[in-house]
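Everything below concerns the one structure shown next.
The values are calculated or read from the model by the stated rules, or taken from the named source; none is laboratory data. Only a predicted model underlies this, so the values are computations on that prediction, with no experimental measurement involved. FYI the Cβ positions are ideal-geometry reconstructions off the backbone, even for glycines, and counts take in every protein chain you see.
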Amino acid sequence: MTDSMLSAELASKASQAKEELDAHVRETVQWHFNPETGSPFWLKKAETLDFDPLKEVNCFEDVKKFPLFEDDWLRGGPVERWIPKGLEGKPTYVFETGGTTGVPKSRVVVDDFRIDYEMFSHTLPDEYFPKGSNWLMLGPSGPRRLRLAVEHLCQYRGGICFCVDLDPRWVVKLIKKGWMEHLEAYKQHVIDQAMTILGANHDIKCMFTTPKLLENLAEALEKKGSSIPDSGITGIFSGGTEFTPQWTRFCIEEYFGGPAEESGVYMTPTYGNTLMGLACSRPVTEEEDFTIAYYAPQPRAVVEVVDPDSHKDVVDYGDTGRAKLYTFTKEVFIPGFLERDEGERELPYEKYPWDGISGVRPFSKLAGGTTVGVY
Amino acid sequence: MFHIPALRWGKPYKSLEKQEIVHFATGEPIAEVSQANGGLLGRDIRKSFKAREALRKIPISDLIEMMKKAGDLYLNATLPIGEAEQTPEDFVKQQSATTGLPEHLCKGNMTKNHFVLHNMDKILDALTRGLDLNILSRGFGREDRGVTVSYQAQTNALGMVLPSNSPGVHTLWLPVIPLQIGLIIKPGSQEIWTPFRMAEAFFAAGIPREAISIYPGKTDMGAAVMTHCDRSMIFGGTNTIEKYKGDPRIQVHGPGFSKIILGEDEVDNWEQYLDMMVDSVYLNSGRGCINCSGIWAPRHTKEIAAAIAERIGPIEVKPPSDPDAALAAFTVPGAAEAIWGMLEKDMEQEGVTHMTESYGTRFIEEERYGYLRPVVAHCDSPEAAIASKEFMFPFVSVVECPQDQMIERMGYTLVCSAITNDTQFQSNLISATNIDRLNLGPIPTIKLDWLQPHEGNIIDFLFRARAFQMPEEKLTAAMA
């Protein structure tokens, strides 16, 4: 598989997208390394670099001159070191990731989560995610970006978001301690909350959830003689690395009762994290064996599939590699971060004319030490 | 290479996720197996009542006859295996190829399973203590001694999470179907062969397809079995036991730490028992939980260890097709090396002597697999870490320990063969709760009496005795 397989039109779009990415990268680097606008972290970091980002980073490829971003840098305070001077004084959120034991990783955010989810909103089909409808956020609560982002997405689309309490750190602790009975009870506690909301006449039509919780919710509904379609939910936005084609097929065929046009339930898988934002998937179809391919919201973020032993080199299309993420917004600059996932490099797609990643799963060389998909 | 779909209450289900299983030595693909996701069981479990309903339509006596027929088919017939067919010879070669077990041992396991199926009537009679099996079917009845009894099935289907590397465990679940309880099996990734062949033999013998589900899959599938089934059995290591112990819904089968102990009164005659000790350690490749991993005696331990080492130390690795092959391969890359590393460390401890050292290299490493040749360690006291170890190859530690400390210090023991005529010691052994199967006399630990329960009686696990009353005339009429 090579990019020569692209149609002339798609190749042209891909080329244009590349130009836009290069321009966006130049602009972002100028912002983050300008003493007037950049963050204390990056301005200090620049002093240790053997090149001048302001002069020598002129396109996306030039970003690879930076050392890899290490997520451990995000641990601890003062978090103000991450706030670009150009954004000083604006209301700022701090979102956390990890933190089951020790100091969590923090990311400061002003508007990025709103921008990312508003962009994502425009990819959702109104037929299944009706404007003005209410949402259920069946995902993590607490200091998580996702919690506020989903609520904003719902509000942006004119609805009201109902949330549950779910502490993923406690879930990780239960797994690590092997307290399976408690884990089951906690899962049930979360699902009970969702069932209560769905049964309380809130006219909920859309939902964010993870594959695991979706499965648990569907089981709980079916035990009560109901189902996902019967509950009134028509649009599901879901995320998690455990989104396999087999699971997706199972979910569509058995929990929804068929593809969206038959069952009336549409599910869109997504991939992302607190650092990058949200990568959308191209439509998941039986014809493509329910393959799930994600595309980052370029030019604000990029996903590459790279050689695990040589992260500056992308693998060939169709080949397996490690996910490498980049983020280029005014709030955050991530010049390449090796994610704990692997997958296959995907060709550009009509709606997203840049590289994607499919078959995302925990990076095999790290899989044993990672607790994944906990909620 | 052929495809093996999952079975959802007897119906084939081809997953989008498949795992290739390969020959352990050559890497040659043998089959592609559909990998089920846990959610499938989450849905299917709601239909488990249909499995029991379908089985209850058939009298237990008829099911027992079907088991006999199924046993013959399993042993001799060409049966479907996924999208292909399988002769008994194919089965032996395929099972050996993926598990690393010598072919003649695979054949031996077939004979063992056949024996159990053919003697199901006697086995159920023994396990139920002579209960009229219609009482289990009906749920209540009156025993010959005139007492009204009632037994409630605790589940519609028994969940089984089976191991990858030990084809000897299947006899445990064979009595389930004739007890009119369905089966939900998550086979081991390398030993999918017995569950699928047995299921096909059952179907061909007349067992309703909706009574059996088989879900090959990853660890999440095993977890789903444990979560969704009201009764399940799991096979695993010490960690698995710790994780599930105390859960009345789950019967955990793990390492056996089986032992032979010699009492003060008989230890001087140890040479008479050498054959029995050697057989207990190495037969069936030393892989089973009933293989002996500890021989405890108050004296002569060094001589015992040396004599066993002389017998099993020279055993060589032979190809699985060799009828004299006694050792099974470790098919998981790095497994044999890791175990050997642990053993070497343990044998450095003071008071521990490696008695098989002079019989050549123990760890044999090949590109895709490894072997461990038999190891005998001598421990001059139970303090040594290796005194309480068990490995999946012929391994034994011969431990010197005063008789009055043995029971307390030897820890959990699945099978204990005690060679003693000391009635007080025998009485203490009978009372010891850390011993499961007790053989009083020179009976090899691997010699099972199929009429006796193994790690708990499956009848007690699947059925609960409860009080039941009915007017006399109605009870009599119901039983007519």
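Within this structure, B:Ile304 passes the test of being more than 14 Å from chain A (Cβ to nearest Cβ), touching a strand residue (DSSP E or B) at 6+ places or on another chain (Cβ under 8 Å) and farther than 28 Å from B:Ala329 by Cβ. Going residue by residue through region A:271-281, is there one that turns out to be touching a Ser or Thr at 6+ places or on another chain (Cβ under 7 Å), modelled with pLDDT of 95 or more and crowded, with 20+ Cβ neighbours inside 10 Å? No, region A:271-281 contains no residue that is touching a Ser or Thr at 6+ places or on another chain (Cβ under 7 Å), modelled with pLDDT of 95 or more and crowded, with 20+ Cβ neighbours inside 10 Å. If the condition is being of a type in the set (D, E, K, R), closer than 30 Å to B:Ile250 by Cα and crowded, with 18+ Cβ neighbours inside 10 Å, then region A:181-211 contributes only A:Lys187.
Could you tell me whether region A:253-262 includes any residue that is touching a helix residue (DSSP H, G or I) at 6+ places or on another chain (Cβ under 9 Å), assigned to a loop (DSSP other than H, G, I, E, B) and within 14 Å of chain B (Cβ to nearest Cβ)? Taking every residue of region A:253-262 in turn, at least one turns out to be touching a helix residue (DSSP H, G or I) at 6+ places or on another chain (Cβ under 9 Å), assigned to a loop (DSSP other than H, G, I, E, B) and within 14 Å of chain B (Cβ to nearest Cβ).
The lone criterion from (1) away from every other protein chain (no Cβ under 14 Å); (2) of a type in the set (A, V, I, L, M, F, W, C); (3) out of contact with any Lys or Arg (no Cβ under 6 Å at 6 or more places or on another chain) left unmet by A:Phe243 is number (1). Within region B:65-78, at least one residue is at pLDDT 95 or above, more than 17 Å from B:Thr194 (Cα to Cα) and either touching a Ser or Thr at 6+ places or on another chain (Cβ under 9 Å) or not assigned by TED's automatic domain parsing to the domain that holds B:Glu367 (or both). Restricted to region B:235-257, and to residues there that are assigned to a strand (DSSP E or B) and out of contact with any Pro (no Cβ under 9 Å at 6 or more places or on another chain), the residue that is nearest to the other protein chains (Cβ to nearest Cβ) is B:Ile250. Of all residues in region B:291-311, those satisfying the criterion of being crowded, with 21+ Cβ neighbours inside 10 Å and within 22 Å of B:Ala418 (Cβ to Cβ) are B:Asn291, B:Cys292, B:Ser293, B:Gly294, B:Ile295, B:Trp296, B:Ala297, B:Thr301, B:Ile304, B:Ala305, B:Ile308. Checking A:Leu166, A:Leu214 one by one, the residue that is buried (at least 16 other Cβ atoms within 10 Å of the Cβ), outside any loop (DSSP other than H, G, I, E, B) and either out of contact with any strand residue (DSSP E or B) (no Cβ under 9 Å at 6 or more places or on another chain) or touching a residue at least 40 places away in the same chain (Cβ under 8 Å) (or both) is A:Leu214 and no other. Reported count of residues in region A:38-63, each being among the polar types (S, T, N, Q) and within 20 Å of A:Ala301 (Cβ to Cβ), is 2.
Reported count of residues in region B:392-413, each being of a type in the set (D, E, K, R) and either at positive phi or in a loop (DSSP other than H, G, I, E, B) (or both), is 0. Apart from one condition, A:Val150 fits all of (1) among the hydrophobic types (A, V, I, L, M, F, W, C); (2) surrounded by fewer than 19 Cβ atoms within 10 Å (Cβ to Cβ); (3) part of a helix (DSSP H, G or I); (4) more than 14 Å from every other protein chain (Cβ to nearest Cβ); the exception is (2).
More than 16 Å from the chain's Cα centre (by Cα) and exposed (fewer than 15 other Cβ atoms within 10 Å of the Cβ) - does that describe any residue in region A:105-121? No, every residue in region A:105-121 fails to be more than 16 Å from the chain's Cα centre (by Cα) and exposed (fewer than 15 other Cβ atoms within 10 Å of the Cβ). Which ones in region B:334-343 are crowded, with 16+ Cβ neighbours inside 10 Å and more than 18 Å from B:Pro382 (Cα to Cα)? Hits for region B:334-343 are B:Ala335, B:Ala336, B:Ile339, B:Trp340.
Being within 14 Å of another protein chain (Cβ to nearest Cβ), among the β-branched types (Val, Ile, Thr), in contact (Cβ under 8 Å) with a residue 40 or more places away in the chain and assigned to a helix (DSSP H, G or I) narrows it down to one of A:Ile175, A:Ile197, so name that one.
Values: A:Ile197 fails: within 14 Å of another protein chain (Cβ to nearest Cβ).
Going through A:Ile175, A:Ile197 in turn, the sole match is A:Ile175.
For region A:211-224, check the following and say yes or no: at least one residue is more than 14 Å from chain B (Cβ to nearest Cβ) and more than 30 Å from A:Phe363 (Cβ to Cβ). No: region A:211-224 contains no residue that is more than 14 Å from chain B (Cβ to nearest Cβ) and more than 30 Å from A:Phe363 (Cβ to Cβ).
In summary, strands (runs of 3 or more DSSP E) completely within region A:28-145 and bearing 1 or more residues that are under 20 Å from A:Pro335 (Cα atoms) occur at A:93-97, A:105-109. Among the residues of this structure, A:Pro283 counts as one that is part of a loop (DSSP other than H, G, I, E, B) and away from chain B (no Cβ under 14 Å). A:Cys161 meets the conditions (1) in contact with a strand residue (DSSP E or B) (Cβ under 9 Å, 6 or more places away or on another chain); (2) free of Cβ contacts under 8 Å to residues at least 60 places away in the same chain; (3) within 26 Å of B:Lys218 (Cβ to Cβ) in every case but one. The failed one is (3).
Here B:Thr331 meets each of (1) surrounded by fewer than 17 Cβ atoms within 10 Å (Cβ to Cβ); (2) among the polar types (S, T, N, Q); (3) more than 22 Å from B:Ile304 (Cβ to Cβ) with one exception, condition (1). Close Cβ contacts (under 6 Å, 6 or more residues apart or on different chains) running from residues in region A:307-329 that are closer than 26 Å to A:Thr28 by Cβ to residues that are assigned to a loop (DSSP other than H, G, I, E, B) comprise A:Asp307/A:Val315; A:Gly321/A:Val315; A:Arg322/A:Pro308; A:Arg322/A:Phe363; A:Leu325/A:Met276; A:Thr327/A:Leu275; A:Thr327/A:Met276; A:Thr329/A:Arg300. Number of residues in region B:359-393 that are more than 26 Å from B:Thr331 (Cα to Cα) and exposed (fewer than 14 other Cβ atoms within 10 Å of the Cβ): the value is 0.
Kindly provide the set of residues from region B:202-229 that are within 14 Å of chain A (Cβ to nearest Cβ) and in a helix (DSSP H, G or I), ordered by number.
If the condition is that a residue be within 14 Å of chain A (Cβ to nearest Cβ) and in a helix (DSSP H, G or I), then B:Thr219, B:Asp220, B:Met221, B:Gly222, B:Ala223, B:Ala224, B:Val225, B:Met226, B:Thr227, B:His228 are the ones that fit.
Checked against (1) free of Cβ contacts under 8 Å to residues at least 12 places away in the same chain; (2) surrounded by 18 or more Cβ atoms within 10 Å (Cβ to Cβ), B:Asp346 meets all criteria but (1).
Filtered by the rule that a residue be surrounded by fewer than 21 Cβ atoms within 10 Å (Cβ to Cβ) and under 30 Å from B:Glu89 (Cβ atoms), region B:312-328 gives B:Ile315, B:Glu316, B:Val317, B:Lys318, B:Pro319, B:Ser321, B:Asp322, B:Pro323, B:Asp324.
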